[in-house]
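Novice: Pasting a structure below so you can have a look.
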Amino acid sequence: MHAVRTRNTSWIWIILFCPLIGSLIYLATEVRGVGRSGRKLAGQLANVVQPSRRLDALRAQLADAPTVANRLALAEECARLARFDEALELLATTGAHKNDPEVLKRRAAVQFEMGKPADAKATLEELFEAQPRERGPAMRLLFARIVETEGDAAATVAAYEAAAPGAIGDELRYRRAAALERTGRAEDARALYTRIVKESARADGRYRRENREWIQAAKARLDEPAGPPPPRDG
């Protein structure tokens, strides 16, 4: 063991009492020759098994420099850990942050993740009214998903079609195809599923990794005999 060979007694005790965390942090900070990628991996693993480590660091960072970027970073981590109430508090749309587009966008996403689509819709409408240019592909997709939770199949298809221009990736195409199936437009849906699968075969590895969920889901729909459409979002 490196810590024993180097007679680093402080680290030896830390590793004995906290073997997993201690070993990861020791590897990331003390061992020479591990390389940047190894240290990065060790840091990522430590964040997984001890999530409060990153959370505490982000809180300290915000306290030292209360910028919008630091506030968003902490809110993102809180949402990742399902600390939604804390995330929303950080994303409060009052005072200096009232019309900040990044705050509004993240707030709407957190509200949707919390299962509050009506609140998310209100936030997006506030965003679109204050900052019309922020009606980009990602926000149009989120808006369409919100419309889908309302249960109106025709409105859902219209929302996904409105979100299509400029969209990147296969999530929107898959969700649009599923919405088409629910309105009885099975042939149109199948054409979209087929397009997803065919174009993925020509795409590079990174694209396929980033869209694996939707590519596999499209393949599954094509392999299934005619039957009920996939359930709606939400």
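Novice: Quick check: pseudo-label points 7 Å beyond the Cα along Cα→Cβ at D188 and E86, how many nm apart are they?
Specialist: It is 4.5 nm.
Novice: Let me ask something additional. Using 17 Å as the cut-off for backbone N distance, which residues of the range 148-188 belong to the label zone defined by a point 7 Å from the Cα of R206 along Cα→Cβ?
Specialist: 168-170
Novice: Oh, and also: With a ≥ b ≥ c taken as the square roots of the eigenvalues of the C-alpha gyration tensor of the range 131-204, please select rounded if a/c is under 1.5 and otherwise prolate if a/b is larger than b/c or oblate if it is not? Working shown, then result.
Specialist: On the way: a/c = 2.72, a/b = 1.15, b/c = 2.37.
Because a/c hits 1.5 or more and a/b fails to exceed b/c, the range 131-204 counts as oblate.
Novice: Here is a follow-up. Along the Cα-to-Cβ line of A122, 7 Å from the Cα, sits a label point; which residues in the range 64-86 have backbone N less than 20 Å from it?
Specialist: 84-86
Novice: Between A162 and Q131, 0.36 nm times their residue separation minus their Cα-Cα distance comes to what? Don't jump to the answer; show the numbers that get you there.
Specialist: Numbers: separation 31, 0.36 × 31 = 11.16 nm, distance 1.81 nm.
My answer for the length gained is 9.4 nm.
A short reminder: the numbers here are calculations on the coordinates, not readings from a lab. Everything numeric here is computed off the predicted structure, so don't read it as measured data. All Cβ positions, even for glycine, are placed from backbone atoms using ideal geometry, and neighbour counts span all protein chains on display.
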